[in-house]
Amino acid sequence: MITRQNPVKAHPLLRRVEGRFFRSVPATRLDKVLDPPDPQSAGRYHRPGELVLYTSAAFESAVAAVSGYMRKDQLPRVVVPLRISEAFVLDQHDEEACRAFGIERDLSNEPWQTALAEGREPASWRNVDIARAIGADGIIDRSRKMPGAWHLNLFYWNESGGPSVEICGDPVELFLTSDGPAWDHSRAD
């Protein structure tokens, strides 16, 4: 169970989301699909030791989000459908909310891995710090690979007062082809 530090009433500029989402994980982590990242890992929206559950709003955007990692590390991956209950999140598509909270949306598009390699803090961490500080359950990330696509990244899940997340279908295996990752389309619904 994840422990939420400061549950608060949802701010009116936070977006309410719920429904079916998709999570890409290495096939070896299929039994840990709802677990937070390893404590020593970092990502676009988490420092080492911070909690986050990266998901995508569409199956195809989950595949696109993981394609570069698959090319780099050659690890087999699966996409798992999830059901997420009501969550109040900072939506980086919402210019009014971003302005009100001091979010610079383009910071989230800067290459976070490059910043870490250069010994700098990723600029996206500033945005996520603000989202966490205002009590958001997560942050919506605009896809850099698929126009109009987006990702939901939760800071808290499966705890009292926060959104619940459960697996709601079978995993779909991804495999690498010469022109990108592929999957069995009949199982992606």
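Every number here is computed from the coordinates shown, using simple stated rules; none is lab data. All of these numbers come straight from a predicted model, not from anything done at the bench. FYI the Cβ positions are ideal-geometry reconstructions off the backbone, even for glycines, and counts take in every protein chain you see.
Over segment 85-144, all Cα pairs binned in 5 Å intervals from 0 give whole-percent P(r) values of 4, 19, 29, 23, 14, 8, 2, 0, listed from short to long.
Taking the Cα centre of the chain as origin and assigning +1 to Lys and Arg Cβ atoms and -1 to Asp and Glu Cβ atoms, the resulting dipole is close to 160 debye. Working from Cα pairs under 8 Å separated by at least six residues, relative contact order for the chain is 30 percent. Segment 17-76 and segment 106-127 have Cα centres separated by 18 Å.
Charge dipole (Cα centre; +1 on Lys/Arg Cβ, -1 on Asp/Glu Cβ; no other charges) of segment 1-95 amounts to roughly 140 debye. Calculated [222 nm] ellipticity per residue, helices only, for the chain: -6000 deg cm²/dmol; basis is -39500 (n - 2.57) per DSSP H run with n ≥ 4, divided by all residues, nearest 500. For P(r) over Cα pairs in 5 Å bins from 0, in percent, computed directly from the structure shown, the correct entry in (1) 1, 8, 16, 21, 22, 17, 10, 4, 1, 0; (2) 1, 7, 13, 16, 15, 13, 9, 5, 4, 4, 3, 3, 3, 2, 1, 1, 0, 0; (3) 1, 7, 14, 18, 17, 14, 11, 7, 5, 3, 1, 0 is (1). The packing ranking, built from the mean of other Cβ atoms within 10 Å per residue, places the peptides 103-116, 30-43 in the order 103-116, 30-43, highest first. I'd like the orientation of helix 59-73 relative to the chain: the angle between its Cα long axis and the longest Cα principal axis, in ° from 0 to 90, rounded to 10. Approximately 70 degrees, to the nearest ten. In degrees between 0 and 90, to the nearest 10, how far off the longest principal axis of the chain does helix 124-133 point, with axes built from Cα atoms? Computed tilt is about 50 degrees.
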